[in-house]
Amino acid sequence: MFGLTKDEIKEMAKASGLAPRDFVVEDRIGRDFQDLLRSINPVFLKTMPGGRRLRLRLNPFGDCIFLGSRGCTLPRRARPIYCRLYPFCFTAEDRLMVLLSDTCLAQKGAGSWHDVIERMGEDETGLRRLFARFKENAREHAEWAAAGGTVDELN
Ligand code: SF4
């Protein structure tokens, strides 16, 4: 699972009325995952500086705690950017890439990647804009973490 940035955590807390500690778990990612992220786009490592990850808490069934019976309970604007981009992301060279998945509903039966983007209610320009915001968030998050930022101060 990808890491959350401080700005995303603040946005989620505001939208859900929960304290960050109620939905964020702090852990560390291993070398293999760090290497995988580096190979996709090193910017992802900025959200987990030194391997320190702030991730979404899971319920006892292993699902995100914001998952309800009819999908995500957060308004779209308050969801983590990686959720809003999924199943797409961008490489370090700014190439759009898709993460293939049998369980992704947007990919099921789609004729092309343009269809998938359309089903998401987006277009490529919108996805690029979202990823640009993600990069800015990730840069600020790395600085905040290096200065000793903690989850509790994001209330
Ligand atoms: S879309 Fe919502 S329910 Fe799904 S992982 Fe993201 S925050 Fe959790």
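The values are calculated or read from the model by the stated rules, or taken from the named source; none is laboratory data. The shown structure was predicted, so the numbers you read here are calculated from the model rather than taken from an experiment. A quick note on method: Cβ atoms are made from the backbone with ideal geometry, for glycine too, and the neighbour counts reach across all protein chains shown.
ALA92: loosely packed, with under 14 Cβ neighbours inside 10 Å, under 23 Å from PRO49 (Cβ atoms) and of a type outside the set (Val, Ile, Thr), yes or no? Working first, answer last.
Numbers: loosely packed, with under 14 Cβ neighbours inside 10 Å: yes; under 23 Å from PRO49 (Cβ atoms): yes; of a type outside the set (Val, Ile, Thr): yes.
It is true that ALA92 is loosely packed, with under 14 Cβ neighbours inside 10 Å, under 23 Å from PRO49 (Cβ atoms) and of a type outside the set (Val, Ile, Thr).
Filter region 64-86 for residues that are assigned to a loop (DSSP other than H, G, I, E, B) and at pLDDT below 95; which is farthest from SER16 (Cα to Cα)? Explain how you work it out, then say what you get.
Of the residues in region 64-86, the ones assigned to a loop (DSSP other than H, G, I, E, B) are 65-66, 69-70, 73-75, 79-80, 86.
If we keep only those that are at pLDDT below 95 too, we end up with 69-70, 86.
Values: SER69: 16, ARG70: 16, TYR86: 21 Å.
Filtering region 64-86 for residues that are assigned to a loop (DSSP other than H, G, I, E, B) and at pLDDT below 95, the one farthest from SER16 (Cα to Cα) comes out as TYR86.
Any residue at all in region 28-39 that is modelled with pLDDT of 95 or more, more than 14 Å from the ligand (Cβ to nearest atom), in contact with a strand residue (DSSP E or B) (Cβ under 9 Å, 6 or more places away or on another chain) and assigned to a strand (DSSP E or B)?
yes
How many of the residues making up region 136-155 are farther than 19 Å from PRO20 by Cβ and touching a Lys or Arg at 6+ places or on another chain (Cβ under 8 Å)?
So the answer is 1.
When ILE29 is evaluated against the numbered criteria (1) buried (at least 16 other Cβ atoms within 10 Å of the Cβ); (2) β-branched (Val, Ile, Thr); (3) within 20 Å of LEU130 (Cβ to Cβ), which criterion, by number, is the only one it fails?
In the conditions (1) buried (at least 16 other Cβ atoms within 10 Å of the Cβ); (2) β-branched (Val, Ile, Thr); (3) within 20 Å of LEU130 (Cβ to Cβ), ILE29 misses (3) alone.
Given the conditions (1) in a helix (DSSP H, G or I); (2) away from the ligand (no atom under 15 Å from the Cβ); (3) hydrophobic (A, V, I, L, M, F, W, C); (4) within 25 Å of LYS6 (Cα to Cα), which single one is not true for ILE117?
Going through (1) in a helix (DSSP H, G or I); (2) away from the ligand (no atom under 15 Å from the Cβ); (3) hydrophobic (A, V, I, L, M, F, W, C); (4) within 25 Å of LYS6 (Cα to Cα) one by one, ILE117 breaks only (4).
Please tell me if PHE134 is within 16 Å of the ligand (Cβ to nearest atom), assigned to a helix (DSSP H, G or I) and either at pLDDT 95 or above or out of contact with any Cys (no Cβ under 8 Å at 6 or more places or on another chain) (or both). Working first, answer last.
Values: within 16 Å of the ligand (Cβ to nearest atom): yes; assigned to a helix (DSSP H, G or I): yes; either at pLDDT 95 or above or out of contact with any Cys (no Cβ under 8 Å at 6 or more places or on another chain) (or both): yes.
It is true that PHE134 is within 16 Å of the ligand (Cβ to nearest atom), assigned to a helix (DSSP H, G or I) and either at pLDDT 95 or above or out of contact with any Cys (no Cβ under 8 Å at 6 or more places or on another chain) (or both).
Evaluate region 49-58: report whether one residue or more is surrounded by fewer than 19 Cβ atoms within 10 Å (Cβ to Cβ), under 19 Å from ALA145 (Cα atoms), of a type outside the set (Lys, Arg) and touching a Gly at 6+ places or on another chain (Cβ under 8 Å).
For region 49-58, residues surrounded by fewer than 19 Cβ atoms within 10 Å (Cβ to Cβ), under 19 Å from ALA145 (Cα atoms), of a type outside the set (Lys, Arg) and touching a Gly at 6+ places or on another chain (Cβ under 8 Å): present.
Output the residue which, of all residues in region 51-84 that are under 19 Å from ALA142 (Cβ atoms) and without any contact (Cβ under 8 Å) to a residue 60 or more places away in the chain, is farthest from the ligand (Cβ to nearest atom). Before the answer, list the steps.
Taking region 51-84 and keeping what is under 19 Å from ALA142 (Cβ atoms), we get 51-55, 80-82.
Now narrow it down to the ones that are without any contact (Cβ under 8 Å) to a residue 60 or more places away in the chain: 51, 53, 55.
On the way: GLY51: 21, ARG53: 15, ARG55: 10 Å.
The selected residue is GLY51.
How many of the residues in region 8-26 are part of a helix (DSSP H, G or I), among the acidic types (Asp, Glu) and either more than 16 Å from the ligand (Cβ to nearest atom) or farther than 14 Å from PHE131 by Cα (or both)? Can you show your working first?
Filtering region 8-26 down to residues part of a helix (DSSP H, G or I) leaves 8-16, 20-23.
Next, only the ones that are among the acidic types (Asp, Glu) stay: 8, 11, 22.
Among the residues that remain, those that are also either more than 16 Å from the ligand (Cβ to nearest atom) or farther than 14 Å from PHE131 by Cα (or both) are: 11, 22.
So the count comes out to 2.
Return the residue satisfying two criteria in turn: it lies in region 85-113 and is polar (S, T, N, Q) and more than 21 Å from SER39 (Cα to Cα), and of such residues it is nearest to the ligand (Cβ to nearest atom). Give the derivation first.
Initial filter on region 85-113 (polar (S, T, N, Q)): 91, 101, 103, 107, 112.
Now narrow it down to the ones that are more than 21 Å from SER39 (Cα to Cα): 103, 107, 112.
Numbers: THR103: 12, GLN107: 15, SER112: 23 Å.
The extreme case among them is THR103.
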